[in-house]
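The values are calculated or read from the model by the stated rules, or taken from the named source; none is laboratory data. Bear in mind the structure is a predicted one, so any value in this text is a computation, not a measurement. Glycine also receives a Cβ, built like all others from the backbone with ideal geometry; neighbour counts cover every protein chain displayed. With ligands, DNA and RNA removed, areas are computed over all heavy atoms of the protein, side chains included. Shrake-Rupley method; radii C 1.70, N 1.55, O 1.52, S 1.80 Å.
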Amino acid sequence: LDTSVLVAAVLLVDPAGAMLVTGSGKLLAQALRRQPRDQTVFNVAQTVLLAAGGGQVLAAGGWHAGHLGPVSPESLLLVVALGVVLWLLNTLAVAAIVALQTGDAPARVWSRVAVGGGPADALAHFVQVGLGVLVAGVADGSARPLALLLVPAGTAYPALAHHLRERRRADAALAHRATHDPLTDLPNRTLLLERLAGLLGPSARPDTLVGVLFVDLDRFKFVNDSLGHEAGDTVLVAVAARLRECSRPGDTVARLGGDEFVVLLKDLPDRSVAEGVAERFATSVAAPVALDGHDVTVSASVGIALVRPGHATPTDALRNADAALRQAKEGGKARYVVYEPWMGARLRERVALEAELRRALGREELRLAYQPIVEVATGRIEGLEVLVRWQHPERGILLPDAFVALAEETGLIGPIGGWVLASACRQGRAWQDRFPAPPVVGVNLSARQFQQPDLVGSVERALREAGLDPALLRLELTESAVMADPSGAAATLRRLKGLGVQLALDDFGTGHSSLGSLRRFPIDLLKIDRGFVAGLERDAGDEAIVRAVVAMAPALGLRVAAEGVETGGQLARLRELRCELGQGYHFARPLPAEAATALLDEEGLDPRLRFDVAG
Ligand code: C2E
Ligand code: CA
Ligand code: CA
């Protein structure tokens with residue numbers, strides 16, 4: 001039922017009855033509930049209440065049509081007094097109704113209704129009530145509708161109108177907050193899932209596709225960790241704006257949190273449109289973001305799921321896009337991948353592996369293998385690199401490639417790395433006690449471990465608890481971990497050096513550092529990546545690089561080790577080039593601690609012999 005029609009009907013049928021008062025009160029409540037935005041209906045209902053009430057009171061006081069007589073000072077006084085009483089009753093009634101409807105505190109609503117925007121509002125209100133009383137009294141029951149025309153409806157309650165408007169604004173702001181990300185003002189996960197449900201629901205066009213694009217920034221963690229959260233926020237806001245620019249007005253660009261965004265594309269004829277959008281994203285996100293002082297560049301990986309409405313739930317669609325995103329990340333980042341069913345299986349596998357890895361430490365499933373690093377000229381074992389293995393209950397021994405990246409992403413590398421470091425230091429201590437010239441123990445630190453704020457403290461603690469001579473510990477870092485933030489890295493490396501430990505740069509040659517750029521880091525050992533060593537006998541370029549590195553290193557205060565020495569021929573070349581150290585299957589595979597100890601007992605490896613120790 002239309003409320004305004006009802007108001008008019010009640011008005012015409014029984015303009016004089018007391019029912020009108022209560023009736024319009026109820027209607028007022030209905031008007032608020034059903035059409036909170038319809039201020040006119042509200043005002044009409046109010047005015048009815050007012051005029052009817054005034055007429056009733058005057059009638060009760062013996063004022064009838066034609067019986068008014070001359071207006072005496074007493075009757076004027078009576079009108080004013082009645083006006084005050086009615087104004088009070090009226091504002092109380094309105095406040096109570098509004099408070100019931102909106103849930104606001106009644107006293108607060110009343111003060112808004114009665115006083116509103118100030119004394120002028122209150123006076124205007126009061127005068128209108130008085131006018132209503134007077135007109136209704138003079139005209140009496142049958143003419144009361146006339147009073148309604150005379151009392152200007154729209155201005156009866158400006159303060160209340162203001163109050164309701166404000167409320168609506170506050171409600172809208174609250175609703176907005178609940179469904180939007182405060183930083184970028186993009187829809188959040190809640191709203192995203194709601195919109196996705198709408199796109200996939202029964203009202204969707206069945207012959208089109210919905211594209212779910214899961215966008216994740218590639219270097220964001222680095223920006224956040226090294227340049228600070230404010231810089232990170234600036235990048236996120238810029239990326240949000242670019243994603244919005246690259247999509248059509250009807251598409252949804254949402255932020256799930258962190259550096260994860262999801263874009264919904266509707267009414268796609270086929271996958272090519274979604275791929276085109278993903279390409280636009282890639283180009284646009286890759287443009288530098290200006291931070292004060294300098295520019296930073298990030299890239300985006302995109303996972304695309306294409307869903308036919310009615311064929312998947314919103315959660316399925318998101319999960320598929322996420323699986324495709326993982327694939328894009330694994331495929332080298334800064335690319336897009338369209339979901340295919342096998343990826344879902346991989347993702348489930350990954351989730352299971354993550355849960356198992358979480359338990360692996362407590363269940364003592366991690367093991368350490370030790371691979372000798374050998375003096376090329378003499379065959380003496382200079383040190384051993386510690387390599388972690390996972391003795392998986394069903395899958396057997398897993399190599400780091402199968403789980404270290406996962407540990408990095410999930411943060412499990414923290415506890416795992418801590419365990420590796422502590423165990424390696426204890427093993428080093430055992431060798432320190434056993435041999436007069438004990439070997440150095442090399443421990444790998446991943447990029448994320450290197451960025452841990454308490455790294456120096458935890459290394460110091462591990463050394464102290466094991467009682468290992470710091471000079472017998474060598475931390476191996478990758479070029480990318482160091483070069484990600486050269487000045488921060490230089491400071492951390494100096495503090496580590498201050499503990500007395502050795503530092504090695506791992507996989508040298510695979511990153512972007514030149515020999516000259518290494519000068520600023522207090523590094524002791526360069527480990528030439530095994531890719532160059534593999535090329536020693538067949539690639540003149542590789543050989544030239546190894547030769548140059550070996551020749552220039554001493555001037556930079558660096559020692560050199562060649563990784564991945566697999567053949568006698570490679571070893572012979574390294575010896576000719578006077579490379580100091582070598583590591584690889586040609587000398588020994590990674591060994592359990594006891595086997596490594598046995599090798600050390602033999603006082604060194606004869607480099608001319610081929611050792612093939614199972615590990
Ligand atoms: P990496 O630091 O370059 O370690 C050397 C890798 O090369 C080891 O693989 C080793 O088994 C392998 N290798 C040694 N000699 C040869 C050879 O002659 N030929 C070939 N083809 N490979 C050889 P692994 O044990 O699978 O470790 C892989 C990577 O996992 C390591 O590369 C290292 O970056 C990482 N890693 C291993 N243990 C740890 C750890 O405890 N913590 C961290 N953060 N990373 C680790
Ligand atoms: Ca290493
Ligand atoms: Ca290496």
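Results for (1) within 16 Å of ligand 3 (Cβ to nearest atom); (2) basic (Lys, Arg), shown as yes or no for each residue.
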site: Ser514; (1), (2): no, no
site: Arg519; (1), (2): no, yes
site: Leu525; (1), (2): yes, no
site: Ile528; (1), (2): yes, no
site: Phe532; (1), (2): yes, no
site: Ala540; (1), (2): no, no
site: Val549; (1), (2): yes, no
site: Pro554; (1), (2): no, no
Looking at the range 366-382, I want the residues that are free of Cβ contacts under 8 Å to residues at least 60 places away in the same chain and have a partner that is away from ligand 2 (no atom under 16 Å from the Cβ) and open to solvent by less than 10 Å² (accessible area, probe 1.4 Å) with Cβ atoms under 8 Å, at least 6 apart or on another chain. Which pairs are those? Leu366/Ala360; Leu366/Trp390
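Each row is one residue, and each column tells you yes or no for (1) within 16 Å of ligand 2 (Cβ to nearest atom); (2) closer than 27 Å to Val549 by Cβ; (3) in a helix (DSSP H, G or I); (4) free of Cβ contacts under 8 Å to residues at least 24 places away in the same chain.
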| site | (1), (2), (3), (4) |
| --- | --- |
| Asp433 | no, no, yes, yes |
| Val441 | yes, yes, no, no |
| Pro453 | no, no, no, yes |
| Gly457 | no, no, yes, yes |
| Ala462 | no, no, yes, no |
| Ala471 | no, yes, yes, no |
| Arg474 | yes, yes, no, no |
| Val482 | yes, yes, yes, no |
| Ala504 | yes, yes, no, no |
Unmet criterion (only one of (1) open to solvent by 20 Å² or more (accessible area, probe 1.4 Å); (2) under 16 Å from Ala598 (Cα atoms); (3) touching a residue at least 24 places away in the same chain (Cβ under 8 Å)) for Gly411: (2)
Which members of the range 212-226 meet the condition of being within 15 Å of Val298 (Cβ to Cβ) and either crowded, with 23+ Cβ neighbours inside 10 Å or in contact with a helix residue (DSSP H, G or I) (Cβ under 9 Å, 6 or more places away or on another chain) (or both)? Val215, Asp216, Leu217, Asp218, Phe220, Lys221, Phe222, Val223, Asn224, Asp225, Ser226
Filter the range 377-393 for residues that are open to solvent by 30 Å² or more (accessible area, probe 1.4 Å) and within 13 Å of ligand 1 (Cβ to nearest atom); which is nearest to Trp431 (Cα to Cα)? Leu387
Selection within the range 430-448 - at pLDDT 95 or above and touching a strand residue (DSSP E or B) at 6+ places or on another chain (Cβ under 9 Å): Trp431, Pro439, Val440, Val441, Gly442, Val443, Asn444, Leu445
I'd like the full set of residues that are open to solvent by 10 Å² or more (accessible area, probe 1.4 Å), away from ligand 3 (no atom under 16 Å from the Cβ) and out of contact with any helix residue (DSSP H, G or I) (no Cβ under 6 Å at 6 or more places or on another chain), limited to the range 433-457. Asp433, Arg434, Phe435, Pro436, Ala437, Gln452, Pro453, Asp454, Gly457
Picked from the range 343-368 (must be small (Gly, Ala, Ser) and within 18 Å of Ile413 (Cβ to Cβ)), the residue most open to solvent (accessible area, probe 1.4 Å) is Gly362
Say whether the condition of being touching a strand residue (DSSP E or B) at 6+ places or on another chain (Cβ under 9 Å), buried (at least 17 other Cβ atoms within 10 Å of the Cβ) and in a helix (DSSP H, G or I) is met by at least one residue in the range 285-303. yes
Taking interchain pairs and intrachain pairs at least six residues apart, which have beta carbon atoms under 7 angstrom, with the first residue in the range 388-407 and within 20 Å of Leu421 (Cβ to Cβ) and the second within 16 Å of ligand 3 (Cβ to nearest atom) and open to solvent by 70 Å² or more (accessible area, probe 1.4 Å)? Arg389/Leu399
Could you tell me whether any residue of the range 571-584 is within 15 Å of ligand 1 (Cβ to nearest atom) and surrounded by fewer than 21 Cβ atoms within 10 Å (Cβ to Cβ)? yes
Which of the residues spanning the range 304-326 are within 22 Å of the chain's Cα centre (by Cα), surrounded by fewer than 21 Cβ atoms within 10 Å (Cβ to Cβ) and not basic (Lys, Arg)? Thr315, Asp316
When you go through Gly509, Gly411, Gly467, Gly488 one by one, which is the residue that is away from ligand 1 (no atom under 16 Å from the Cβ), within 30 Å of Arg326 (Cα to Cα) and not hydroxyl-bearing (Ser, Thr, Tyr)? Gly488
Could you identify the single residue in Arg271, Arg255 that is open to solvent by 20 Å² or more (accessible area, probe 1.4 Å), of a type in the set (D, E, K, R) and in contact with a Phe, Trp or Tyr (Cβ under 9 Å, 6 or more places away or on another chain)? Arg255
Scan the range 517-570 residue by residue and report those that are at pLDDT below 90, touching a Lys or Arg at 6+ places or on another chain (Cβ under 8 Å) and either under 22 Å from Met483 (Cβ atoms) or open to solvent by less than 20 Å² (accessible area, probe 1.4 Å) (or both). Ala553, Leu556
Long-range neighbours under 6 Å by Cβ, at least six apart or interchain, first residue of a type in the set (Gly, Ala, Ser) within the range 246-264, second open to solvent by less than 30 Å² (accessible area, probe 1.4 Å) and in a strand (DSSP E or B): Ser247/Val253; Ser247/Val263; Ala254/Pro187; Ala254/Val262
If we keep only residues of the range 458-493 that are within 16 Å of ligand 3 (Cβ to nearest atom) and among the hydrophobic types (A, V, I, L, M, F, W, C), then the residue most open to solvent (accessible area, probe 1.4 Å) is Met483
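Being touching a residue at least 12 places away in the same chain (Cβ under 8 Å), outside any strand (DSSP E or B) and more than 16 Å from Leu571 (Cα to Cα) is the filter here; which residues of the range 524-544 pass it?
Asp524
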Would you please list the contacts, defined by Cβ atoms under 9 Å and residues six or more apart or on different chains, that run from a residue in the range 578-595 that is more than 16 Å from Val565 (Cα to Cα) and part of a helix (DSSP H, G or I) to a residue that is β-branched (Val, Ile, Thr) and open to solvent by 10 Å² or more (accessible area, probe 1.4 Å)? Ala595/Val613
Just to be sure before I move on: is Leu525 within 16 Å of ligand 2 (Cβ to nearest atom) and under 32 Å from the mean Cα position of the chain (by Cα) in the structure I sent? no
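Do you know which residues across the range 484-502 are assigned to a helix (DSSP H, G or I) and either among the polar types (S, T, N, Q) or within 15 Å of ligand 2 (Cβ to nearest atom) (or both)?
Once the filter is applied, which keeps residues that are assigned to a helix (DSSP H, G or I) and either among the polar types (S, T, N, Q) or within 15 Å of ligand 2 (Cβ to nearest atom) (or both), the range 484-502 yields Ser487, Thr492.
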Residues of the range 506-516 classified as of a type in the set (Ser, Thr, Tyr) and either over 23 Å from Val565 (Cβ atoms) or in a helix (DSSP H, G or I) (or both), total: 1
If I ask for residues that are away from ligand 1 (no atom under 16 Å from the Cβ) and either within 14 Å of Glu375 (Cα to Cα) or free of Cβ contacts under 8 Å to residues at least 24 places away in the same chain (or both), which ones from the range 558-570 would you list? Arg559
Would it be correct to say that Ser247 is among the small types (Gly, Ala, Ser) and either touching a helix residue (DSSP H, G or I) at 6+ places or on another chain (Cβ under 8 Å) or at pLDDT below 90 (or both)? yes
